[in-house]
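Encoded as structure tokens, the structure appears first; notes follow it.
Derivation of every value follows stated rules applied to the coordinates shown; laboratory data play no part. If you're wondering where the values come from, they're calculated on a predicted model, not measured in any experiment. A quick note on method: Cβ atoms are made from the backbone with ideal geometry, for glycine too, and the neighbour counts reach across all protein chains shown.
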Amino acid sequence: MDTTLLVQALVSGVLAAGLYALVSVGLALAIGVIGIVNFAHGEFFMVGAFLAYQLFVTFGIDPVWSLFIVAPALFALGGVIYTSTIRFVLKAPELNQMLLTFGIGIILQNLALLIWGGDPRTIAGISYRGIGYQIGGVSIGLVPLASFVISLVLVLGLYWMLSSTPLGRAMRAVAQNRTGAALVGLEVNRVYLVAFALSALLAGIGGVMIAVIQSPTPVVGFAFTLKAFAIVVVAGLGNVRGILFAALFVAVAESLVATMVPNGDTLRNAVFFAIIFAVLIRRSWRTV
Amino acid sequence: MSVVIRATALAKHFGGLAAVDDVSFEVEAGEIFAIIGPNGAGKTTILNLVSGLLTPTAGRVELLGRDVTAASPAQRCHAGLGRAFQVVQPFPEMTLRENVLVGALFGTPGLSRADAEHRADEALEVTGLTALSAVDAEDLTLMQEKRLEIARALATKPSVLLLDEVMAGLRPAEARDAIGLVKAVRDQGVTIVFIEHVMPVVRDLADRVLVMDHGKVLTEGRYAEVTQDARVIEAYLGKEDAA
Amino acid sequence: MSADARVRRVAGTAAATRVPWDLVGLVVLAIAVAFMPDLLKAFFGRASVSYLSIATNALSLSILALSWDILARTGQLSLAHAAFYGAGAYTTALLVKHASLPLWVGIPLGGVAAVIFALLLGAVTLRLRGIYFAIATLSAAEVLKAVVHHLPTPIAGGNAGLNVPALFRPEFIAGQMERWEVAFLRNEAYFYVYGVVLLATVLASILVQRSRFKHAFTAIRTNEEVAGVMGIRPARAKLLAFVLSAVFVGMLGAVEAHRVGSVLPEQSFSVATTVLALVTPIFGGLYTTLGPIVGALGLSSVQETLRRTFSDGYLIGYGVVLVLSILFMPRGVVGLMNGLMRRRAKPAAGAPERTGEEDRP
């Protein structure tokens, strides 16, 4: 086995883990605070990616700057979706909540397919896209590195926000006890709204980065919903701390398979699904 | 007298916490056996271990002389164990009679539909619910729900019935009705194990009492005996202070 | 008259005059299937060829939806329906390629293959509920798709899939028929095959609803622990639901492979199949025999329009239906109708008043 190739795969996996953690942490926020498993989460990511693409094509805005447009736009989108749909099913059976977000996901994905079609879209001709560093035969691209750093900063920022700000404390209070939080005067509905919008915002930022790293199609969102779910499940529901490690595990596993197995690139998604499946089944059969 | 339930050195740990630790007791046929103790003493865990909703960390459970430690809840039900829950859990999409019919249809494998319907009607009769047969289960009052909970368990034709705090939330007059109901069920030959907080109810009903505290058996005996026990008084007064 | 006696009397008369609507519906459906092709031909002539094809799609959607609903009755929201469908489709395609059996044998064997996959999947996912079950089944379906995709090309065709010969090749007899009647005969034959599969699915659904399994399924869906204590064996009931759900959609996948003429990993295991399977019963009304069929008839008429209008994103219509159904009619069209009828019937029947609400603590 070629060691350089192995190291390269590990490095690529670690760099990808940042983005995965960013998207997953948003999903975990929605699950933890609101108690909604959002099947449309990856679609926020996709919308972020295609907004960045369109801003570049139409106005020539560099993706670095469109981060500052996409973030508030996705925050607003999340808020609108929460207000117009999610808040009506907070007390409905889990099945209904799930199906509702599933439906929202279908709408967003197919809306994107109608607008942009099914072909991959590339943000071409940005100067920093090709820049990379060589360290002992292992190459590290500037863009994946930057996305790793930005993601890490945002994830750690979210931890800080949850632990040290009044809003974060409110979110944790609501997550632990809905009625209790209402009694101490927190406006539960507003906390939910902010949490959901924030979760969309984080996914949207991740989307901008994927638009530069890859050439996504509108179906990238669903794959990322499942990736994020895999990571959240591996970390354990409600365990925000575990997400960084779980993202690392999942991303490295994916990268290793893609590099080491012949034809492995197309098996990437299957690796994710196999991991989710194995983890879920294993958890469920631990004796009660 | 024959032993209906024999629990031997039962233990249940959740993570590092021992909810139940080294608990042994025997329930004899035809008696009314009470399990009491302060909150968190492990009473409901005991019922869950006996009915198979939890697997014990150690120890064994025998039902009518058979080792059922590894048996599923359904197998224990078929062996003659009935269970009514503390938090009443009717099937809301069914009528009251359908709820009871579920117990009758599945409590005894191989029972014909006609026999099951007959058995369901009997259980409704005993619990005084016949007039409400066609009502949706989600439209019941608390007392009616408690009766339904018992009717459903009775319809499985149990030899022994586990009742988890059936008096909780009832008014005094309703509680008296419920006591009468439990006695009537016993008089049909069903052994009864119940958890209860309300001490006068325990006094009126129980032949024997098992007192638990912090997952362990404190003492066991007749109501008059255990209530004189210094440890029991301390466990309860301690709780009284805290409350 | 005591309240007791009155309720009994009402219950008694209701039982005596109860019409077996489910069986009546089955007979009506059978008659409709039997006469549909001739009726279409008589009314529309040449255009009946494409109408028959649309009607076949409606039958297909009905099978998909009703078979999904049977499993959903146990509270398990499966996202593996595409896998059962694909298992059936690939079974018949592989048999054609590697074994010299009569073509029609692939259809029941497609059902068998789906059942085997369902039993394996059902057995390991027994303890998963809600969202976890959904995600696990979706993952299993995607893994199966990837496995089929990566089987050596000489075996399963890889990315390019396999060709599947048509089940029916009616011949043109000059002088006795017109050209378009060949296509009509072919579509008619497929229509009847789909009709038979649908009737079998409906019959299975009715049998479940009339047996004690209806109660077992409902009990498990509401509260699995209580169901177990009542003597229900949840594992057995769930596996039965899995088998019933898979067998018909597996057969559907096999028939459809012949009708379409090929199997492809992306097409035969498409997430769209799963989406259709779950949106339709939710729109029509969950946990009933009628609901999924009503939903299929309603949606398949929209489907054609959507597919023609938006080639790439036609699923958007289903997303909208799904969201609106959950928000405005969580019990589906059938539930909405029942609600209206009940509201009208209630004052007349003199239902017992709800009393003692104030007794709740």
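Can you pull the mean other chain C-beta count within 10 Å for peptide B:95-107? Don't skip to the answer; put the middle values down first.
Values: counts 0, 0, 1, 4, 6, 1, 2, 11, 7, 4, 9, 12, 4.
Partner-chain Cβ atoms within 10 Å, mean over residues of B:95-107: 5.
Taken about its Cα centre, chain A carries a charge dipole of about 780 debye when Lys and Arg each add +1 at the Cβ and Asp and Glu each add -1 at the Cβ. The mean number of partner chain beta-carbon atoms within 10 angstrom of a residue's beta-carbon across peptide A:78-91 is 1. The relative contact order of segment B:109-230, computed from alpha carbon pairs under 8 Å that lie at least 6 residues apart in sequence, is 19 percent. With 23 Å as the limit, the listed pairs A:Lys91/C:Lys238; B:Lys157/B:Lys183; B:Lys157/C:Lys238 have A:Lys91/C:Lys238; B:Lys157/C:Lys238 beyond it between alpha carbons.
Counted without the sites themselves, the longest stretch of chain C free of trypsin sites (Lys or Arg not before Pro) in a DSSP loop having at most 11 other beta carbon atoms within 10 Å is C:180-353.
List the relative contact order of chain B as a percent without decimals, with contacts defined as Cα pairs under 8 Å and 6+ residues apart.
Over chain B, the number comes to 26 percent.
Shown for C:His149, B:His197: other C-beta atoms within 10 Å of each C-beta, ranked fewest to most, produce the order B:His197, C:His149. Along the positive direction of the dipole of segment C:37-268 (beta-carbon charges: Lys, Arg +1; Asp, Glu -1; about the Cα centre), which of C:Gly110, C:Ala134, C:Val124 reaches farthest? With unit charges placed on the Cβ atoms, the residue in question is C:Val124.
Quick one: if the Förster radius is 41 Å, what FRET efficiency do A:Thr58 and C:Phe168 give, using the C-beta to C-beta distance and rounding to 0.05?
That pair, A:Thr58 with C:Phe168, gives E of 0.20.
Provide a whole-number value for the mean count of partner chain Cβ atoms within 10 Å of the Cβ atoms in peptide A:225-236.
1
Once the Cα-Cα distance is subtracted from the 0.36 nm per residue extended length, the A:Arg286 to A:Phe68 segment shows a gain of 73.9 nm. Other residues lying with their Cβ under 11 Å from the Cβ of A:Phe50 contribute a combined charge of 0, Lys and Arg counting +1, Asp and Glu -1. In this Cβ point-charge picture (+1 for Lys and Arg, -1 for Asp and Glu), chain C has a dipole of about 860 debye about its Cα centre.
Taking the Cα of B:Met199, stepping 7 Å toward and past its beta carbon, and measuring to each backbone N in segment B:1-45: which are under 15 Å? Under cut-off, by backbone N: B:36-39. Here r is the Cβ-Cβ distance between A:Ala76 and C:Arg179 and R0 is 60 Å; the resulting FRET efficiency, rounded to 0.05, is 0.55. Neighbour counts of other Cβ atoms within 10 Å put B:Arg203, A:Arg282 in the fewest-to-most order A:Arg282, B:Arg203. Taking a Cβ cut-off of under 12 Å around B:Ala79, the surrounding Lys, Arg, Asp and Glu residues balance to a net charge of +1, with basic ones at +1 and acidic ones at -1.
For chain C, the longest principal axis of the alpha carbon atoms and the long axis of helix C:271-284 meet at an angle near 40°.
Per-residue ellipticity at 222 nm, computed for chain A from helices alone with -39500 (n - 2.57) per DSSP H run of at least four residues, works out to -25000 deg cm²/dmol. Between 0 and 90 degrees, the angle of helix C:332-349 with respect to the longest Cα principal axis of chain C falls at about 30 degrees. Over segment C:37-268, Cα pairs under 8 Å with separation of 6+ residues give a relative contact order of 42 percent.
Take each peptide in C:76-85, B:32-41, count the other Cβ atoms within 10 Å of every residue, and average; sorted highest first, the result is C:76-85, B:32-41.
Note on the protein assembly as shown: antiparallel DSSP beta bridges, both residues inside, total approximately 60 percent of the bridges counted.
Highest mean packing comes first when the peptides B:89-99, A:163-173 are listed by Cβ atoms within 10 Å, giving B:89-99, A:163-173. Using only Cα atoms, find the angle between the long axis of helix C:290-309 and the longest principal axis of chain C, and express it within 0 to 90 degrees, rounded to the nearest 10. Taking Cα atoms only, the helix is inclined about 40 degrees. If you build a Gaussian network model of chain A, linking Cα atoms that sit under 10 Å apart, which residue out of A:Phe222, A:Phe272, A:Phe59 swings the most? Of A:Phe222, A:Phe272, A:Phe59, the Gaussian network model singles out A:Phe59 as fluctuating most. Under the convention that each Lys and Arg Cβ holds +1 and each Asp and Glu Cβ holds -1, the size of the dipole of the protein assembly as shown around its Cα centre is about 1000 debye. Beta bridges assigned by DSSP with both partners in chain B are antiparallel in approximately 55 percent of cases. Sorting B:169-175, B:208-214 by their mean Cβ neighbour count within 10 Å, with the most densely packed peptide first, gives B:208-214, B:169-175.
Of A:Val191, A:Ile126, A:Asn177, which is farthest along the charge dipole of segment A:3-284 in the positive direction, counting Lys and Arg as +1 and Asp and Glu as -1 at C-beta? After comparing all options, I get A:Asn177.
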